[in-house]
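See structure below.
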Amino acid sequence: MSATQDAPANCKVVLASTIAKKLGEEVREGVKTLNKAPLLVGFLSSGDPAARTYAEFTGKTCRENGFDFELREVDREDLEDAIIAANQDSNVGGIIVYYPIFGNRQDQYLQQIVDVGKDVEGLSHQYIFNMYQNVRFLDAAHKKKSILPCTPLAVIKILEHLQIYNTILPYGNRLHGHNITVINRSEVVGRPLAALLANDGACVYSVDIDDVQQFHRGQGLRKRKHEVVEKPGWTLENCLPLSDVVISGVPGDKFKVPLNLLREGAVCINFSSEKNFTPEVKEKASIYVPAIGKVTIMVLLRNLLRILQNRGESDATPADSLETRGTVEESNPA
Ligand SMILES: NC(=O)C1=CN([C@@H]2O[C@H](COP(=O)(O)OP(=O)(O)OC[C@H]3O[C@@H](n4cnc5c(N)ncnc54)[C@H](O)[C@@H]3O)[C@@H](O)[C@H]2O)C=CC1
Ligand SMILES: Nc1nc(=O)c2c([nH]1)NC[C@@H]1CN(c3ccc(C(=O)N[C@@H](CCC(=O)O)C(=O)O)cc3)C=[N+]21
């Protein structure tokens, strides 16, 4: 591309391991407050090599940080009963089910069987509802924080580390002024991520294979939560030149972010298992994060701690959880 003759381009490559290390310290402090090592159970019923690698890596990270991990490899026809048994087993602190399993809506069904009190991935309906609705607590007293989906939260932790979140602004508005493109709109990563970033004040362009949608709280962030509008005819050609942050998670090795459209000095983050940015990204980006997996796993452990705290502090009744809807107004302090 535009290699200069004078000096190499000034792009800072930030590795997930650096950020994971920092989060790990916080997580290990949390573990110390418990009287025994929490047990995370992973269910692997998938032949997918990415799922197995991820499961093995989760086990390693658990052991390094004072957690117990048990990988249960069960036939997918037996998975439903196995999850129910783990829900009822008081020795099990948290549960993660690796996908894809059937690769269709049955995967979502199985995901929803996991007890909300053990769902470390944060994909239970109640958590997802709170996330889209910008409700940040599970209780009216604001003692129990709602759980956020792991991979989207990992991206947020990275943006905080990179100081894209501006701490001079109030909590909940700290991305005000940023235009962020998210390439992926899956229900487990891309769409929740776009919503979270927009709820925090960003203007987000959510790009998938078919179209572009804008997620935003409106001029002056007047809205309590994000709204979504279609951008008919828009493509990456419209989004990338506007975006100071570009987050990409397209599966497969075919897709590459077109660097000619990238804004000079953009912050680029890849969460796909494949490299969505070619090495030349460093000629244009100010910061490049090539992979985030290690942060995701640390966030998983952080979620497990939070779930144990939420379970220990009080016994929520159905009335409490109804109250959650009542806390909507206070959820976004200006
Ligand atoms: N680093 C981490 O912690 C995690 C990484 N992943 C990885 O992220 C990737 C995506 O995972 P999922 O969201 O579960 O996949 P998915 O297959 O459910 O969703 C893919 C998304 O990318 C979009 N897409 C596909 N081709 C595109 C193109 N050419 N242009 C624009 N958009 C396109 C699709 O429309 C869809 O919204 C995978 O590589 C997966 O391994 C997933 C979870 C966690
Ligand atoms: N319930 C569930 N949740 C998941 O989050 C989930 C899953 N199932 N099934 C499998 C996919 C795949 N996945 C990845 C994790 C890390 C990297 C990643 O970024 N790895 C880095 C770093 C890993 C390392 O440093 O060794 C890399 O490839 O360079 C990619 C993909 C999560 N998944």
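The values are calculated or read from the model by the stated rules, or taken from the named source; none is laboratory data. Computed from a prediction, not measured in an experiment: that's the story for all the values here. Cβ placement follows ideal geometry from the backbone for every residue including glycine, while neighbour counts extend to all protein chains displayed. Just the protein is used for accessible areas: all its heavy atoms, side chains included, with ligands, DNA and RNA removed. Shrake-Rupley method; radii C 1.70, N 1.55, O 1.52, S 1.80 Å.
Below is a table of values for the structure above.
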| quantity | calculated |
| --- | --- |
| Residues within region 133-168 that are away from ligand 2 (no atom under 16 Å from the Cβ), touching a Ser or Thr at 6+ places or on another chain (Cβ under 9 Å) and β-branched (Val, Ile, Thr), tallied | 1 |
| Checklist (1) open to solvent by 40 Å² or more (accessible area, probe 1.4 Å); (2) under 24 Å from GLU25 (Cβ atoms); (3) at pLDDT 95 or above; (4) of a type outside the set (A, V, I, L, M) applied to GLU280, failing item | (2) |
| Any hit, region 96-105, residues being open to solvent by less than 10 Å² (accessible area, probe 1.4 Å), closer than 19 Å to LEU79 by Cα, part of a strand (DSSP E or B) and out of contact with any Leu (no Cβ under 6 Å at 6 or more places or on another chain) | yes |
| Test: residue in region 284-299 that is over 23 Å from the mean Cα position of the chain (by Cα) and free of Cβ contacts under 8 Å to residues at least 24 places away in the same chain | no |
| Looking only at region 169-203, and only at residues there that are small (Gly, Ala, Ser) and within 16 Å of ligand 2 (Cβ to nearest atom), the one that is surrounded by the fewest Cβ atoms within 10 Å (Cβ to Cβ) | SER186 |
| Residues satisfying the stated conditions in region 129-186, i.e. among the β-branched types (Val, Ile, Thr) and within 12 Å of ALA198 (Cα to Cα) | ILE156, ILE180, THR181, VAL182 |
| Residues satisfying the stated conditions in region 12-52, i.e. part of a strand (DSSP E or B) and in the same structural domain as VAL120 (by TED's automatic domain parsing) | LEU39, LEU40, VAL41, GLY42, PHE43, LEU44 |
| Long-range neighbours under 7 Å by Cβ, at least six apart or interchain, first residue assigned to a strand (DSSP E or B) within region 231-250, second of a type in the set (Phe, Trp, Tyr) | ILE247/PHE271; SER248/PHE277 |
| Residue check, PRO251 within 12 Å of ligand 2 (Cβ to nearest atom) and either surrounded by fewer than 18 Cβ atoms within 10 Å (Cβ to Cβ) or of a type in the set (D, E, K, R) (or both) | yes |
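Residue-by-condition table, conditions (1) touching a Ser or Thr at 6+ places or on another chain (Cβ under 6 Å); (2) at pLDDT below 95; (3) not in a strand (DSSP E or B):
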site	(1), (2), (3)
TYR54	no, yes, yes
GLY59	no, no, yes
ARG72	no, no, no
ASP81	no, no, yes
LEU123	no, no, yes
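Per-residue answers, yes or no, for (1) more than 10 Å from ligand 2 (Cβ to nearest atom); (2) touching a residue at least 40 places away in the same chain (Cβ under 8 Å); (3) open to solvent by 70 Å² or more (accessible area, probe 1.4 Å):
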{"residue": "ALA7", "(1), (2), (3)": "yes, no, no"}
{"residue": "CYS11", "(1), (2), (3)": "yes, yes, no"}
{"residue": "VAL14", "(1), (2), (3)": "yes, yes, no"}
{"residue": "SER17", "(1), (2), (3)": "no, yes, no"}
{"residue": "LYS22", "(1), (2), (3)": "yes, yes, yes"}
{"residue": "GLU29", "(1), (2), (3)": "yes, no, yes"}
{"residue": "LEU44", "(1), (2), (3)": "no, yes, no"}
{"residue": "GLY59", "(1), (2), (3)": "yes, no, no"}
{"residue": "CYS62", "(1), (2), (3)": "yes, yes, no"}
